[in-house]
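Data block below; observations after.
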Amino acid sequence: MKIAQFQMHVYEEKKKNLRQLEDYMKRIEQEQVDMIALGEMFNCPYVTQKFPDYAEKEGTESWEICSALAKQYHVYLSAGSMPEKDEAGRIYNTAYIFDRKGKQIAKHRKAHLFDIDIEGGQYFKESDTLTAGDSCTVFETEFGKMGLCICYDLRFPELSRMMVEQGARVIFVPAAFNMTTGPAHWELLFRSRALDNQCFVVGTSDARDESAEYVSWGHSLLVSPWGNIIGEMDEKEGYMIHEIDLKYADKVRRELPLLNARRKDIYREELHRR
Ligand SMILES: NC(=O)CC(=O)C(=O)O
């Protein structure tokens, strides 16, 4: 399975972001990739107060363009995330997956909202404008089952573990760490989730823009079930392409059978309460 990760610049103008996606897809057409992954909020600046203005209902402009591009280029598209508005006017940070025919086969609303306040570092409060989703998302492809979550969700190991329990051997993570948490945790976190779940983890960021209100760390990466970094970008815009074999996850799980060796019988809080 050949995966392309697009680490794109995020422009103020939504249509420019969508045109950029089309340009990138055109640029790699000859590579015949199977799946393309985008970063968190790829069509909208990562600024809490802007999410309501950019939010769209499922099935409208950004969604339609992503679906049409997936169909036109005959690829699976992990359409990053984008602000989504529901019927009641609530806004979510939502990731969609489209198949080669442009059909939506998965949807994940960020379940853990990114509310942090680090002294001398990054402040962010998604809950000012966003509502949290409440699902664990896996989807079926011709290559096998995969999971999907968004950025901060990956910090909560229970969610990835549930995807893996449901059969995922790859987890897609549209993300946008920042200049405080990026250098401290980005690689460590992606490698940890890959290692403890013995699966591929595909982390795709937006490119760094020093003039933006929220400065993304960049460094899109792809980690193997052994915990190795197969590929990692720097902070600049561009793309990378890698080929993975999902059977490698089975091999690692067979040789180092962590998932089978778990002691679920003792991981029960009530047994250890004093
Ligand atoms: N952007 C996020 O949701 C998360 C993040 O930047 C971090 O966990 O650090």
Query raised in the report: When the convex hull of the Cα atoms of the chain is projected onto a plane and the area is averaged over all directions, what value comes out in nm²?
Result: 15.4
Requested in this report: Quickly estimate the mean residue ellipticity at 222 nm for the chain, helices only: each DSSP H run with n ≥ 4 gives -39500 (n - 2.57), and the total goes over all residues, rounded to 500.
Outcome: -7500 deg cm²/dmol
Query raised in the report: How would you rank 22-28, 38-44, 256-262, highest first, on the average number of other Cβ atoms within 10 Å across their residues?
Result: 38-44, 22-28, 256-262
Query - Cα pair distances of the range 1-77 binned at 5 Å [whole percent] - result: 3, 15, 27, 25, 17, 8, 4, 1
Query raised in the report: From the backbone phi of the range 231-236, what are the Karplus-calculated ³J(HN,Hα) couplings (6.51 cos²θ - 1.76 cosθ + 1.60, θ = phi - 60°) in whole Hz, Gly and Pro given as x?
Result: x, 8, 8, 8, 8, 7
Query raised in the report: How much length, in nm to one decimal, is gained on full extension between residue 31 and residue 234, taken as 0.36 nm per residue of separation minus their Cα-Cα distance?
Result: 70.9 nm
Query raised in the report: What is the Rg over Rh value, at two decimals, for the range 31-112, using alpha-carbon atoms and the Kirkwood definition of Rh?
Result: 0.98
Requested in this report: Would you mind estimating how fast the range 230-274 diffuses translationally, via Stokes-Einstein at 4 °C and 1.567 mPa s with the Kirkwood radius over Cα pairs, in µm²/s?
Outcome: 87
Query raised in the report: When all C-alpha to C-alpha distances in the range 85-156 are sorted into bins of 5 Å, what percent of pairs does each bin hold, rounded to whole numbers?
Result: 3, 14, 22, 21, 16, 12, 7, 4, 2, 0
Query raised in the report: Each residue of the range 13-28 in turn: what ³J(HN,Hα) in whole Hz from Karplus with 6.51, -1.76, 1.60 and θ = phi - 60°, glycine and Pro shown as x?
Result: 7, 4, 4, 5, 5, 6, 5, 4, 4, 4, 4, 4, 5, 4, 4, 9
**Report entry** Inter-centroid distance (Cα atoms) of the range 1-26 relative to the range 190-222, Å
**Finding:** 16
Requested in this report: Could you tell me which of rounded, prolate or oblate describes the range 152-274, using a ≥ b ≥ c as the square roots of the eigenvalues of the alpha-carbon gyration tensor, with rounded for a/c under 1.5 and, failing that, prolate when a/b is larger than b/c and oblate otherwise?
Outcome: oblate
**Report entry** Solvent exposure, largest accessible area first (probe 1.4 Å, DNA, RNA and ligands not counted), of 134, 86
**Finding:** 134, 86
Report summary line: Here the range 252-259 yields Karplus 3J(HN,Hα) values (6.51, -1.76, 1.60; θ = phi - 60°; whole Hz; Gly and Pro given as x) of 4, 5, 6, 6, 10, x, 4, 5
Requested in this report: Quick one: work out Rg over Rh on the C-alpha atoms of the range 209-254, Rh as Kirkwood radius.
Outcome: 1.15
Query raised in the report: What is the magnitude of the charge dipole of the range 1-149 about its Cα centre, with +1 placed on the Cβ of each Lys and Arg, -1 on the Cβ of each Asp and Glu, and no other charges, expressed in debye to the nearest 20?
Result: 440
Query raised in the report: What span do the alpha-carbon atoms of the range 146-218 cover on each of the three principal axes, reported in whole Å from largest to smallest?
Result: 41, 19, 16
Report task. Please report the orientation-averaged projected area of the range 99-210, defined via the convex hull of its C-alpha atoms, in nm². Result -> 8.1
Requested in this report: For the chain, with all protein chains present and a 1.4 Å probe, just round the carbon and sulfur fraction of the accessible area to a whole percent.
Outcome: 48
Query raised in the report: In square angstrom, what is the accessible area per residue of the range 1-131 with a 1.4 angstrom probe?
Result: 42
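The values are calculated or read from the model by the stated rules, or taken from the named source; none is laboratory data. Nothing here was measured: the structure is a model prediction, and the numbers come from that model. Note that each Cβ is placed from the backbone with ideal geometry, even for glycine, and that neighbours are counted across all protein chains shown. The accessibility values were calculated without ligands, DNA or RNA, using every heavy atom of the protein model including side chains. Shrake-Rupley method; radii C 1.70, N 1.55, O 1.52, S 1.80 Å.
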